[in-house]
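Q: Got a structure for you, written out below as structure tokens; questions coming shortly.
The values are calculated or read from the model by the stated rules, or taken from the named source; none is laboratory data. Here the structure is a predicted model, which is why all the values come from computation and not from measurement. Cβ: placed from backbone, ideal geometry, glycine included. Neighbour counts: every protein chain shown. These area figures cover heavy atoms from the full protein model, side chains too; ligands, DNA and RNA do not enter into them. Shrake-Rupley method; radii C 1.70, N 1.55, O 1.52, S 1.80 Å.
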Amino acid sequence: MSPMNGSGDLSSEMEVDAFRHLFPLRFHERHLLESIRPDGRPLGRARDTTLALGAVASADGSALAKIGCTTMLAAIKMEVMTPTVESPDEGCIAVEFHMPPICSPIVRPGRPAEVAPVVSKQLSDTILRQVVVTFSGMIDLKDLSLVSGKAAWMAYLDIYCLDADGALFDTALLSAVAAFCHLKFPMVSLNDDGRLVVVSGESKGGKSGKEAVNKEQRKLNLISIPFSLTCTLHKNYILADPTAEEESIMETLVTVVLDSSLRLVSFYKPGGPVLAFTSAVM
Amino acid sequence: MEVDRADGRTRNQLRPLACTRCTLNRAHGSATWSQGETKVLAAVFGPKAGTKKNENPEKACIEVIWKPKTGQIGKPEKEYEMILKRTLQSICLLTVNPNTTTSIIVQVVNDDGALLPCAINAACAALVDAGIPLKHLAVAICCCLADGGYVILDPCKLEEQRTKAFAYLVFPNLLASVHRKGSLQVEVEPVEHGIITSVTRGVMPVEDYLRCLERGRAVSAKLSEFLRRSMQLQAPSDSPTAG
């Protein structure tokens, strides 16, 4: 067993690094015995999180979220569309999650990441959650309506992963929620053909018959804000907010999403068996 | 309050189960599993030589292909594939045949609610049929939260669409727990109390989720009994067995 605590000289530091790559599980377990992780965090602590609103100037709402090294950029563009016949006073949200090759060495142009469509679907489930009987989602689609039956907003939410270092869903959800918080509806007005066009800047006097349909730029109401935490489980240890290295060696991953009233939105766990009562995670 | 559901079942009653093995001649293992109207066909091919690019060659690799009944393959199918893959990876003994790939193809024949649990049960039965070494079996159940705040099991499609929240749960199922020989207190809690997979949709309070877990665990014993019975009865002949 090569020495774990390399004390400054080059030969023992090289051995630690080699040990980390050759026997990653033993390397991490040795750290777990001391209740600490390779980057110095205690088991239950998440990485530093930063959030920047308005990262993309040309979008109607945007945010850049970073949890440790994992970086996600979310942007929302709004467009006017005619609503469907079944729900004439509801708008629509389209969620797309992209993992370009910049984010990780595993993703190549011809070979999309396996996890991308899964995270995308999970995100759209969490954000939309349309249920016929009771509405339990984050956003009320009726908020997105302009003229009932004729015009409604369509929001295109695009999330780009710029760096994938574990806990992808957490960062993506954080950036999406922040982008929706930052969202301001653009001003629209009715032009001569009776169609709604987006007006940039203040409304000008202009042609006759042109009046602004929504007078002031308003923000979107969020009903309840979801927040999530991903953890890995390994034997008896629960590690919060794993990095990509930890995720790849430890097979069991759990993602818990709670909303502002502490109700469970999602408990997502594909993988190995775990003991019950993991409410310790929350 | 008892018979609230559209088809007259009580809260804890499952739909009629049916499991057939050896349905496909050329596949190494195959099974159909139906719960009421929902029917799924699973086929297993493998182990085949070689693993895919990013996979660990020291272990066997599992590949899942999900075919919907109609329409193109999109994100929901990819999500199901990933959930199935990780669930089955945890029940198979991966170190027995390293550097091989086992393919599991799941074909949805009819979808009438609780599709994912049905598919997991079918895949597990197909793996047993193919003779792939497994650590233990897995039983899957869908629990949903009805309006009154109580838990109903195995919803049909209408119930699933109308409900506020539902959870798909998969529990491990060991031989020892079925025969009840000796004590299972290996660790603090016995192994069959664990959950292999849990996917929830919709918002529900935490206590309700824990209640779903308890209820699901209680029913998993019944499901596992059915699964094991249908495995045994089918050994020599090809005649289908109804549960």
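Q: Among the residues of segment B:85-101, is any in contact with a Phe, Trp or Tyr (Cβ under 8 Å, 6 or more places away or on another chain), closer than 30 Å to B:LEU210 by Cβ and open to solvent by less than 10 Å² (accessible area, probe 1.4 Å)? Don't jump to the end; show me each part of the working.
A: Going through segment B:85-101, the residues in contact with a Phe, Trp or Tyr (Cβ under 8 Å, 6 or more places away or on another chain) turn out to be none.
No; the residues of segment B:85-101 include none that is in contact with a Phe, Trp or Tyr (Cβ under 8 Å, 6 or more places away or on another chain), closer than 30 Å to B:LEU210 by Cβ and open to solvent by less than 10 Å² (accessible area, probe 1.4 Å).
Q: For the list (1) surrounded by 14 or more Cβ atoms within 10 Å (Cβ to Cβ); (2) touching a strand residue (DSSP E or B) at 6+ places or on another chain (Cβ under 7 Å); (3) not acidic (Asp, Glu), I need the number of the one condition that A:ARG41 fails.
A: All conditions are met except number (2).
Q: Let me ask something else about it. Based on this model, can you work out whether A:GLU96 counts as among the charged types (D, E, K, R) and modelled with pLDDT of 80 or more?
A: Numbers: among the charged types (D, E, K, R): yes; modelled with pLDDT of 80 or more: yes.
Yes, satisfied.
Q: Moving on. Test B:ALA167 against the stated conditions and say whether it is within 14 Å of another protein chain (Cβ to nearest Cβ) and of a type in the set (Gly, Ala, Ser).
A: Values: within 14 Å of another protein chain (Cβ to nearest Cβ): yes; of a type in the set (Gly, Ala, Ser): yes.
Criteria met by B:ALA167.
Q: In addition: For segment B:36-59, which positions are away from chain A (no Cβ under 14 Å), in contact with a Cys (Cβ under 7 Å, 6 or more places away or on another chain) and under 12 Å from B:PRO98 (Cα atoms)?
A: Hit for segment B:36-59 is B:THR51, nothing else.
Q: Assuming B:ASN110 fulfils every condition listed in (1) open to solvent by 30 Å² or more (accessible area, probe 1.4 Å); (2) farther than 23 Å from B:PRO155 by Cβ apart from one, which condition is it?
A: (2)
Q: Does segment A:92-116 hold any residues that are open to solvent by less than 40 Å² (accessible area, probe 1.4 Å), within 14 Å of another protein chain (Cβ to nearest Cβ) and part of a strand (DSSP E or B), and which are they? Spell out the reasoning first.
A: Filtering segment A:92-116 down to residues open to solvent by less than 40 Å² (accessible area, probe 1.4 Å) leaves A:93-95, A:97, A:99-100, A:103-104, A:107, A:113, A:116.
Still in the running and within 14 Å of another protein chain (Cβ to nearest Cβ): A:94-95, A:97, A:99, A:104, A:107, A:113, A:116.
Matches in segment A:92-116: A:ALA94, A:VAL95, A:PHE97.
Q: A:ALA55 - would you say it is modelled with pLDDT of 80 or more and open to solvent by less than 50 Å² (accessible area, probe 1.4 Å)? If you could, list the steps in order and put the result at the bottom.
A: Values: modelled with pLDDT of 80 or more: yes; open to solvent by less than 50 Å² (accessible area, probe 1.4 Å): no.
It is false that A:ALA55 is modelled with pLDDT of 80 or more and open to solvent by less than 50 Å² (accessible area, probe 1.4 Å).
Q: I want to confirm something. Restricting to segment A:58-91 and keeping residues that are β-branched (Val, Ile, Thr) and at pLDDT below 85, which single residue is least open to solvent (accessible area, probe 1.4 Å)? If you could, list the steps in order and put the result at the bottom.
A: Taking segment A:58-91 as the starting set, the residues that turn out to be β-branched (Val, Ile, Thr) are A:67, A:70-71, A:76, A:80, A:82, A:84-85.
Now restrict to residues that are at pLDDT below 85: A:80, A:82, A:84-85.
Details: A:VAL80: 41, A:THR82: 102, A:THR84: 75, A:VAL85: 133 Å².
This residue is A:VAL80.
Q: If you don't mind, there's one more thing I want to ask. Counting only residues that are modelled with pLDDT of 75 or more and either within 11 Å of chain B (Cβ to nearest Cβ) or part of a helix (DSSP H, G or I) (or both), how many does segment A:242-251 have?
A: Number of matching residues: 6.
Q: Can you pull out the residues in segment B:9-50 that are closer than 13 Å to B:LEU153 by Cα and open to solvent by 20 Å² or more (accessible area, probe 1.4 Å)? Working first, answer last.
A: Our first condition is that a residue be closer than 13 Å to B:LEU153 by Cα; within segment B:9-50, this holds for B:9-16, B:35-36.
Answer for segment B:9-50, where residues must be closer than 13 Å to B:LEU153 by Cα and open to solvent by 20 Å² or more (accessible area, probe 1.4 Å): B:THR10, B:ARG11, B:ASN12, B:GLN13, B:LEU14, B:PRO16, B:GLY36.
Q: Moving to a separate point now. Given (1) touching a helix residue (DSSP H, G or I) at 6+ places or on another chain (Cβ under 7 Å); (2) at pLDDT below 85; (3) open to solvent by 10 Å² or more (accessible area, probe 1.4 Å), where does A:VAL119 come up short, assuming only one miss?
A: Condition not satisfied by A:VAL119: (3).
Q: Right, something else. Residues that are over 15 Å from the mean Cα position of the chain (by Cα) and at pLDDT below 80, at least 1 per element: which helices (runs of 4 or more DSSP H) completely within segment B:107-226 meet that?
A: Values: elements: B:115-130, B:157-162, B:175-179.
Helices (runs of 4 or more DSSP H) meeting the threshold: B:157-162, B:175-179.
Q: Identify all residues within segment B:73-98 that are within 14 Å of chain A (Cβ to nearest Cβ) and outside any helix (DSSP H, G or I); write none if there are none. Give the steps one after another, and end with the answer.
A: Taking segment B:73-98 as the starting set, the residues that turn out to be within 14 Å of chain A (Cβ to nearest Cβ) are B:73-95.
Across segment B:73-98, the qualifying residues are B:ILE73, B:GLY74, B:CYS92, B:LEU93, B:LEU94, B:THR95.
Q: Determine which member of the set B:THR101, B:THR70 is of a type in the set (S, T, N, Q), in contact with a Cys (Cβ under 7 Å, 6 or more places away or on another chain) and either farther than 24 Å from B:ALA221 by Cβ or more than 11 Å from chain A (Cβ to nearest Cβ) (or both).
A: Answer to the selection: B:THR101.
Q: Here's a follow-up. Report the residue count in segment B:132-153 for those that are within 22 Å of B:MET231 (Cα to Cα) and more than 10 Å from chain A (Cβ to nearest Cβ). Spell out how you get there, then give the answer.
A: Here is the first cut: in segment B:132-153, the residues within 22 Å of B:MET231 (Cα to Cα) are B:132-141.
Then keep just the ones that are more than 10 Å from chain A (Cβ to nearest Cβ); that gives B:132-134, B:137, B:139-141.
Result for segment B:132-153: 7.
Q: Also: Looking only at residues in segment A:253-266 that are over 16 Å from the mean Cα position of the chain (by Cα) and modelled with pLDDT under 75, which one is farthest from the other protein chains (Cβ to nearest Cβ)?
A: The residue in question is A:SER260.
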